[in-house]
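The values are calculated or read from the model by the stated rules, or taken from the named source; none is laboratory data. Keep in mind that what you see is a predicted model, and the values were worked out from it rather than measured. Here the Cβ positions follow ideal geometry from the backbone for every residue, glycine too, while neighbour counts run over all protein chains shown.
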Amino acid sequence: MANNIQLAEKFLPVIDDIYKAASVTQSWDAETQNLNFSNANTVNVLKVSTTGLGDYSRTDGYPKGDVTAEFEPMRLTEERGKEISVDRMDNEEALGKVFGTVTGDFMKHHVIPELDAFRFAKYASTEGILKGSAVLTADNLFEAIDQAVAEMDANEVPREGRELCINTDLEPLISAGLSRRWGSDSRVSTRLEEYNGMKIKYVVPSRFKSAITLNPGTDAWGFTAGEGAKNINFMIIYPKAVLQVTKFAMPKIFTPDENQDKDAWKFQFRLYHDAFVYENKAKGIYTHTAS
């Protein structure tokens, strides 16, 4: 079985690179580092709240306040997987490139889109977040974004670090809503990369739904829009408000000689993950959906 382990280690960096290069939500994974799910599927996060100030009395001294401490359980719920086989001769006749290409395409076209879609839908459906809904045009798009920013400001969500995720269908509205004058530049880009200090990430519509359904892999694979799902126009996310836990198990790879089912290369991939919004930080997410 040593050969199996070496093959897994060979493909793992490729899989990881594809995930990091193509995922919209990957940059927020860093916020999970302060919690350890390595030996458990549940972590209890301590939430602490206190009362505000009261009047100091020169007779009685300090007013007595209360401290409330409770645990918020976060449990991983999503276990997904897939097995892929490539016939020995098909791989050999294509100079050994088929197996690597298939596994890479599988990550890029199926795993990563589902991971992003799941996270956005989970955040959009979380109770307590800020929400808005309207039909957006070039005339009211930036007004809607500014309103979202104002609501987050009113809830004292830190400005530094906020990111603006925008549906790619709205890109033409962004260009139409901005007044620009071009000179004799040989290269012109109309894509807005930042708005009032917020980094912009563009999300394709298929990954930007308010709800999704994860198909079981019997009659249907992957994910589809959930019942009653709405298209998300844009989301403003304060990354410290979310917790993303992704357990990429070591891929299991079997050579045709090890495969007892048929004369083929076999790739098994398992994804164990979940995403959460901290209850006390729910206002760190603003979701604007289409009417």
request  = Check segment 85-106 and report whether any residue there is assigned to a helix (DSSP H, G or I), modelled with pLDDT of 75 or more and surrounded by 16 or more Cβ atoms within 10 Å (Cβ to Cβ).
outcome  = yes
request  = Test each condition in (1) surrounded by 16 or more Cβ atoms within 10 Å (Cβ to Cβ); (2) at pLDDT 80 or above; (3) closer than 19 Å to Val277 by Cβ; (4) out of contact with any helix residue (DSSP H, G or I) (no Cβ under 8 Å at 6 or more places or on another chain) for Thr77 and report the one that comes out false.
outcome  = (1)
inquiry  = Between a residue in segment 207-223 that is touching a residue at least 12 places away in the same chain (Cβ under 8 Å) and any residue that is acidic (Asp, Glu) and part of a loop (DSSP other than H, G, I, E, B), which pairs come within a Cβ distance under 8 Å, given they are 6 or more apart or on different chains?
reply    = Ala211/Glu227; Thr213/Glu227
query = What pairs can you find where one residue is in segment 150-161 and free of Cβ contacts under 8 Å to residues at least 12 places away in the same chain and within 20 Å of Glu194 (Cβ to Cβ), the other is among the basic types (Lys, Arg) and surrounded by 11 or more Cβ atoms within 10 Å (Cβ to Cβ), and their Cβ atoms are less than 9 Å apart, with a gap of 6+ or different chains?
reply = Asp153/Arg159
ask   = Which residues, taken from segment 264-274, are buried (at least 22 other Cβ atoms within 10 Å of the Cβ) and in contact with a Leu (Cβ under 7 Å, 6 or more places away or on another chain)?
value = none
